[in-house]
Structures are given as structure tokens and as C-alpha cells.
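Peer 1: I have a structure I would like to understand better, so I am pasting it below and will then ask my questions one at a time.
The values are calculated or read from the model by the stated rules, or taken from the named source; none is laboratory data. Predicted model only: the values in this text are computed from it and were never measured. Don't worry about glycine lacking a Cβ; one is built from the backbone with ideal geometry, like all the others, and counts go over all protein chains shown. In case anyone asks, the SASA skips ligands and DNA or RNA and just uses the protein heavy atoms, side chains included. Shrake-Rupley method; radii C 1.70, N 1.55, O 1.52, S 1.80 Å.
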Amino acid sequence: MAVAVIVAVVVLLWLLTGVRVVQQYERGVVFRLGRVSGRVREPGVTLLLPVLDRMRKVNVQVVTMPVPAQEGITKDNVSVSVDAVLYFRVIDPIRATVDVQNYAFAMLQVAQTSLRSVIGKSELDDLLSGRENLHQGLEVMLESPATGWGVHIDRVEIKDVSLPDSMKRSMARQAEADRERRARIITADGEFQAASKLAEAATRMAETPAAMQLRLLQTVVEVAAEKNSTLVLPFPVELLRFFEASAARIADGPADGDKTAGAVAQPPAVPAVPAVPAQTPADGS
């Protein structure tokens, strides 16, 4: 009887050594004598046969893996350095354990080679602005080997694109020139519109002469409101033209009068007086 109790206690202790706990974020793959035994062990308490069974736990959480920067030359011959980030998780623990030695390291290597391939097939503008298509292309390239390893690609994104300093300066000059061009176009457009409005206003003022006087009085009011110490006297333009015409007539009048006077009234000619020879007294007179 005592022997049976001892044997029962030993067997119970032996069984207790095979008790394992699988966490909620893990799955257990059991190897019995080197072969995968049964199905994947779900979270909770599971019982193993001591000495015969070995269980390997696989994390099924989403893994965030940064992909180191990869240098390459784009399709338009620009040297760039691109890094990315990869999100994946294990959906088949048996394949992730049996078919590949280290699925995380394998995914990292595939991501690096795929990233270099994408750099060589893309242009610089696509890397800077059209990244959505590149993300989809990277995901397709990674999905094929990942499926055979029991891994699912949730998302892959390009994180940063590093450019040479010379290219940065060239892009800055290009952007500056483009902004200057647009500023000049906008200024010229504004000048054109202002000139058109001024021409239209001049045409309407020419049709109504009183509009010019009203505009002149309005300008006087605006100047007086800004600087009260300034006195502005409006001077009609027609009066200036009258003074200019009068000055021209006065300048032309004396010249014509001098010519007429010279022709009509000339001083009389003075008759020449003959010279009388001097008489020399005779000798002995």
C-alpha cells in the first residue's frame, strides 16, 4: 500500500513538471521526440509529457521592425539614402518555427533587399511625394516570401529619404526660382488689371469733364485728412495750357516785329563830305 502511494506521488510530481502556461499573446508549438505533436497550444494551461515533449512559444503580436537606411541610385540618377519601417505578425506558428530558422532576421533581410530594389526602380519625385504606390509595391514584394514563413505583412512604410547637400541646394534654388516666377506673374497680372481699370476710368472721365474736377476735389480731401498742415490749391490743367500758349505767342511776337521794323523804318543815309586838301604856304610869302 505504501509503495502504491509513493508511486502515485512520484507520477503526480512527474506530471506536474509538464504543466506549462501559455500567455494570451503567445502560441505554443509542441515537439514530441523531435516531431511536431498535435495542434498549436492555445493560451492558458497546457500539459506536456515530461522528458518527451518540448514546447516552443511563438509571439503573435505585431512586430515593429525598423529597416536600416539603404543607399541607392534612383531611376533619374540621384544618390539617396532611404530607411523604412516594417509591421508584421505571425499567423502560422508552426511554419514560423519549422520552415525558417529566424523569421524576424529573415524578414529584415528581405525588407532591405526589397527597399534597394524599389529605390532603383523609382524616381526622386516618387520617393518624396508618391510614397503610397511605393508602400504598396514593397508590401507585394514582401508578401510572397512571408506567406511561406507563416508571417503576415500588416504594413510597410518609407520613413525618411536623405539627399546629398548639393541636391538639397539645387532643390532650394529651384523652389526659390519658382516662387519668384509666380510672384512676378502675379505682380504683372495686377499691373495689367490696374492699367485696364485706369484706362476705363480715363475713358469715362473724358466723356464727363466734371468727373475730373470731382476726383481732384476728392484727392484734396484725402490729402487734407492725412496732413492738416498741408494746403493744396487745385490748379486747372486748362489754365496751364492757356499760359503755355500765351508764352509761345509772346516769344514769337518780338522776333517778327523786329523784322518788320527793320524793313520799314531805316535811318536815312548821310551824304559823304568830300575831303578838302590842305594848302601849303609858298616859300617867301
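Peer 1: Consider VAL10 carefully, then state whether it is of a type in the set (A, V, I, L, M, F, W, C), open to solvent by 90 Å² or more (accessible area, probe 1.4 Å) and either in contact with a Cys (Cβ under 8 Å, 6 or more places away or on another chain) or outside any strand (DSSP E or B) (or both).
Peer 2: No, not satisfied.
Peer 1: Follow-up. Please find, within segment 118-156, the residue that is most open to solvent (accessible area, probe 1.4 Å) out of those that are assigned to a loop (DSSP other than H, G, I, E, B) and touching a residue at least 40 places away in the same chain (Cβ under 8 Å).
Peer 2: If we filter segment 118-156 for residues that are assigned to a loop (DSSP other than H, G, I, E, B), which is where we start, we get 122-123, 129-130, 149-150.
Remaining after also requiring touching a residue at least 40 places away in the same chain (Cβ under 8 Å): 122-123, 149-150.
Working: SER122: 8, GLU123: 78, TRP149: 55, GLY150: 2 Å².
Selected residue: GLU123.
Residue-wise test of (1) touching a Phe, Trp or Tyr at 6+ places or on another chain (Cβ under 9 Å); (2) open to solvent by 100 Å² or more (accessible area, probe 1.4 Å); (3) modelled with pLDDT of 70 or more; (4) not β-branched (Val, Ile, Thr).
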site	(1), (2), (3), (4)
ARG169	no, yes, yes, yes
ARG173	no, yes, yes, yes
LEU217	no, no, yes, yes
ASN228	no, yes, no, yes
LEU231	no, yes, no, yes
PRO234	no, no, no, yes
GLU244	no, yes, yes, yes
GLY253	no, no, no, yes
VAL264	no, yes, no, no
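Peer 1: Which of the numbered conditions does LEU115 fail, given that it passes all the others? Conditions: (1) touching a residue at least 24 places away in the same chain (Cβ under 8 Å); (2) open to solvent by 70 Å² or more (accessible area, probe 1.4 Å); (3) not β-branched (Val, Ile, Thr).
Peer 2: (2)
Peer 1: What's the number of the condition GLY34 fails, among (1) closer than 30 Å to GLY120 by Cα; (2) open to solvent by 30 Å² or more (accessible area, probe 1.4 Å)?
Peer 2: Only one criterion in (1) closer than 30 Å to GLY120 by Cα; (2) open to solvent by 30 Å² or more (accessible area, probe 1.4 Å) is unmet by GLY34, namely (1).
Peer 1: Right, something else. Can you work out which of the residues in segment 16-29 that are out of contact with any strand residue (DSSP E or B) (no Cβ under 7 Å at 6 or more places or on another chain) and not β-branched (Val, Ile, Thr) is least open to solvent (accessible area, probe 1.4 Å)?
Peer 2: Filtering segment 16-29 down to residues out of contact with any strand residue (DSSP E or B) (no Cβ under 7 Å at 6 or more places or on another chain) leaves 16-17, 23-24.
Those left that are additionally not β-branched (Val, Ile, Thr): 16, 23-24.
Working: LEU16: 100, GLN23: 84, GLN24: 139 Å².
Ranking the candidates gives GLN23 first.
Peer 1: Ok, one more. What are the residues in segment 42-59 that are in a strand (DSSP E or B) and open to solvent by 20 Å² or more (accessible area, probe 1.4 Å), if any?
Peer 2: Looking only at segment 42-59, we keep the residues that are in a strand (DSSP E or B), and these are 44-47, 53-59.
Across segment 42-59, the qualifying residues are GLY44, VAL45, LEU47, ARG54, MET55, ARG56, LYS57, ASN59.
Peer 1: For segment 60-96, which residues satisfy the criterion of being of a type in the set (Val, Ile, Thr) and either in a strand (DSSP E or B) or open to solvent by 20 Å² or more (accessible area, probe 1.4 Å) (or both)?
Peer 2: At the first step, the residues of segment 60-96 found to be of a type in the set (Val, Ile, Thr) are 60, 62-64, 67, 73-74, 78, 80, 82, 85, 90-91, 94.
Across segment 60-96, the qualifying residues are VAL60, VAL62, VAL63, THR64, VAL67, ILE73, VAL80, VAL82, VAL85, VAL90, ILE91, ILE94.
Peer 1: Which condition from (1) free of Cβ contacts under 8 Å to residues at least 40 places away in the same chain; (2) within 37 Å of the chain's Cα centre (by Cα); (3) open to solvent by less than 90 Å² (accessible area, probe 1.4 Å) is the one that ASN102 breaks?
Peer 2: Unmet condition: (2).
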